[in-house]
Amino acid sequence: MSYVEVPAIRVKQGGHFLYCFAIDGKLVPSVATISRVRRDDGAQLLGYQRPEVASHIAAIRSYLESPDPLLPNAVVIAFDESVSFSGSADRESSYSELGTLRIPLASNGDRRAGWVVDGQQRLAAVRQADLSGFPLCVVAFVASDEEQQRSQFILVNSVRPLPSGLINELLPGTGGLLPPALRRRQLPAHLVQRLNRDPDSPFADRIRTPTNPAGTIKDNSVIRMLENSLSEGALYRFGPSRESAEPEPMLELVKTFWIAVRNVFGDAWNLPPRKSRLVHGVGIVSLGHLMDAITDRHRASRIPTTADYEKELAPLKVHCAWTAGYWNFGPGQQRRWNELQNTGKDIQLLTNYLRVVHRAIVLVQQPA
């Protein structure tokens, strides 16, 4: 195997080392590859990078081919342990050391020593540019596994937000230290992943994610429904944090309720959101609040049965305009079925309506 050796600065941060160096951008594809986000045949998440953006790459390439280009932002690469660093003892400080970084060079088909964490669009532009070469600044670190790479990928891109769907899909398999806001999203993101993947889930293959673009129900709608229940609803009793959570009973409860929803509102459940407000964000989140209310009525049992949920949902059917007609929210408050939007105001309006109808009709007929 051949190698490339580059002058580098090794910087110590806690128990980790960073390597800062310059390299010809045309050479980077021989030392690092792109880890695309995808799923294998067993539905396991692989990779973490979003697809290339052709328009963005074209704009960078045009700039690179201009008379005086400058790309000051460093590309970030995660290397495996096949790279080595030779330092100069007489050229070091308490936090940095000058030396040489030795990186394996791979030919076509060979495994690369590194994975690009940030900068794939710049690298693609350099690769395509009509230039003999172009030096790039690189900051690299050694990652023990892909979990650590994902963690760094999310953190590096937190200033320039990633698509929320990509973050949601990456979070369940991400380790390391994450900001509190992202840690709070890990549990609902994990539940969404299972709801979309488990064969016994009514949401199976219905939730749209980067690796399931054919899904019709927005992942953010399901995550919001779950977050509400985790913070103050039926799922809270199974542990609100990732560390204390019992995901299996959480999944059992959510699946059971939404199977009942599918059974009671079958026609509306099987349509896409543009034709049914049931599977639209406003319906998913509002029914999530009703799930919490009904489950609380059955708190004597750990998890209500599908029959329990169906019994309380069935009388609501004639009062719901999921796919046609009007919602009757009170005097002067009639709304066409498709006028309800995924806004806080409309979600609250529909949630209050469902709760009032449930109390007025179902609870009178079926005392707990």
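The values are calculated or read from the model by the stated rules, or taken from the named source; none is laboratory data. None of these values were measured; they are calculated from a predicted model. Cβ placement follows ideal geometry from the backbone for every residue including glycine, while neighbour counts extend to all protein chains displayed.
Among the numbered conditions (1) buried (at least 18 other Cβ atoms within 10 Å of the Cβ); (2) out of contact with any Lys or Arg (no Cβ under 9 Å at 6 or more places or on another chain); (3) in a helix (DSSP H, G or I), tell me where A245 comes up short.
Only one criterion in (1) buried (at least 18 other Cβ atoms within 10 Å of the Cβ); (2) out of contact with any Lys or Arg (no Cβ under 9 Å at 6 or more places or on another chain); (3) in a helix (DSSP H, G or I) is unmet by A245, namely (3).
Residue check, L123 against (1) modelled with pLDDT under 90; (2) part of a helix (DSSP H, G or I); (3) surrounded by 20 or more Cβ atoms within 10 Å (Cβ to Cβ), all met but one. Which one?
Single failed check for L123: (1).
Every residue in the stretch 211-244 that is touching a helix residue (DSSP H, G or I) at 6+ places or on another chain (Cβ under 8 Å), of a type outside the set (D, E, K, R) and under 21 Å from H280 (Cβ atoms), please.
Matches in the stretch 211-244: N212, G215, I217, N220, S221, V222, I223, M225, L226, N228, S229, G233.
The rows are residues; the columns are (1) modelled with pLDDT of 95 or more; (2) closer than 14 Å to L287 by Cβ.
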position: P304; (1), (2): no, no
position: D308; (1), (2): no, no
position: W322; (1), (2): yes, yes
position: Q333; (1), (2): no, no
position: W337; (1), (2): yes, no
position: I347; (1), (2): yes, yes
position: T351; (1), (2): yes, yes
position: I361; (1), (2): no, no
position: Q365; (1), (2): no, no
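Does the stretch 282-297 contain at least one residue that is buried (at least 18 other Cβ atoms within 10 Å of the Cβ), over 26 Å from D205 (Cβ atoms), touching a helix residue (DSSP H, G or I) at 6+ places or on another chain (Cβ under 9 Å) and acidic (D, E)?
Within the stretch 282-297 (the criterion being buried (at least 18 other Cβ atoms within 10 Å of the Cβ), over 26 Å from D205 (Cβ atoms), touching a helix residue (DSSP H, G or I) at 6+ places or on another chain (Cβ under 9 Å) and acidic (D, E)), the answer is no, since none of the residues qualifies.
Quick one: how many residues across the stretch 1-18 are under 29 Å from the mean Cα position of the chain (by Cα) and under 16 Å from A74 (Cβ atoms)?
Residues in the stretch 1-18 being under 29 Å from the mean Cα position of the chain (by Cα) and under 16 Å from A74 (Cβ atoms): 3 in total.
Of the numbered conditions (1) in contact with a strand residue (DSSP E or B) (Cβ under 8 Å, 6 or more places away or on another chain); (2) farther than 24 Å from L191 by Cβ, N338 fails exactly one; give the number of that condition.
All conditions are met except number (1).
Those residues that are of a type outside the set (A, V, I, L, M) and assigned to a loop (DSSP other than H, G, I, E, B), I need them from the stretch 128-143; list them, please.
D130, S132, G133, F134, listed by residue number.
State which residue pairs qualify: first residue in the same structural domain as V76 (by TED's automatic domain parsing) and inside the stretch 1-19, second residue among the acidic types (D, E) in any location, beta carbons under 7 Å apart, and separation of 6 or more residues or different chains.
Qualifying pairs under 7 Å: R10/E97.
Take R274 and tell me if it is of a type in the set (K, R), in a loop (DSSP other than H, G, I, E, B) and over 22 Å from R237 (Cβ atoms).
So R274 fits the description; yes.
Given the condition under 32 Å from the mean Cα position of the chain (by Cα), closer than 26 Å to K218 by Cα and either in contact (Cβ under 8 Å) with a residue 24 or more places away in the chain or surrounded by 11 or more Cβ atoms within 10 Å (Cβ to Cβ) (or both), answer yes or no: does some residue in the stretch 327-336 qualify?
So far as the stretch 327-336 goes, no, none of its residues is under 32 Å from the mean Cα position of the chain (by Cα), closer than 26 Å to K218 by Cα and either in contact (Cβ under 8 Å) with a residue 24 or more places away in the chain or surrounded by 11 or more Cβ atoms within 10 Å (Cβ to Cβ) (or both).
Evaluate the stretch 336-347: report whether one residue or more is more than 28 Å from S201 (Cβ to Cβ), of a type in the set (S, T, Y) and assigned by TED's automatic domain parsing to the domain that holds I223.
No, the stretch 336-347 contains no residue that is more than 28 Å from S201 (Cβ to Cβ), of a type in the set (S, T, Y) and assigned by TED's automatic domain parsing to the domain that holds I223.
How many of the residues making up the stretch 64-84 are outside any loop (DSSP other than H, G, I, E, B) and in contact (Cβ under 8 Å) with a residue 40 or more places away in the chain?
6
Restricting the stretch 316-325 to residues that are touching a helix residue (DSSP H, G or I) at 6+ places or on another chain (Cβ under 7 Å) and surrounded by fewer than 17 Cβ atoms within 10 Å (Cβ to Cβ), which is farthest from E248 (Cα to Cα)?
G325
Do you know which residues across the stretch 193-220 are closer than 21 Å to A268 by Cα, in contact with a strand residue (DSSP E or B) (Cβ under 9 Å, 6 or more places away or on another chain) and assigned to a helix (DSSP H, G or I)?
Within the stretch 193-220, L195, N196, D219 qualify.
Among the residues that make up the stretch 99-106, is at least one of them over 20 Å from P29 (Cα atoms), surrounded by 14 or more Cβ atoms within 10 Å (Cβ to Cβ) and touching a Lys or Arg at 6+ places or on another chain (Cβ under 7 Å)?
Yes, there is a match, as at least one residue in the stretch 99-106 is over 20 Å from P29 (Cα atoms), surrounded by 14 or more Cβ atoms within 10 Å (Cβ to Cβ) and touching a Lys or Arg at 6+ places or on another chain (Cβ under 7 Å).
Filter the stretch 194-241 for residues that are of a type in the set (S, T, N, Q) and touching a Ser or Thr at 6+ places or on another chain (Cβ under 8 Å); which is nearest to V261 (Cα to Cα)?
N196
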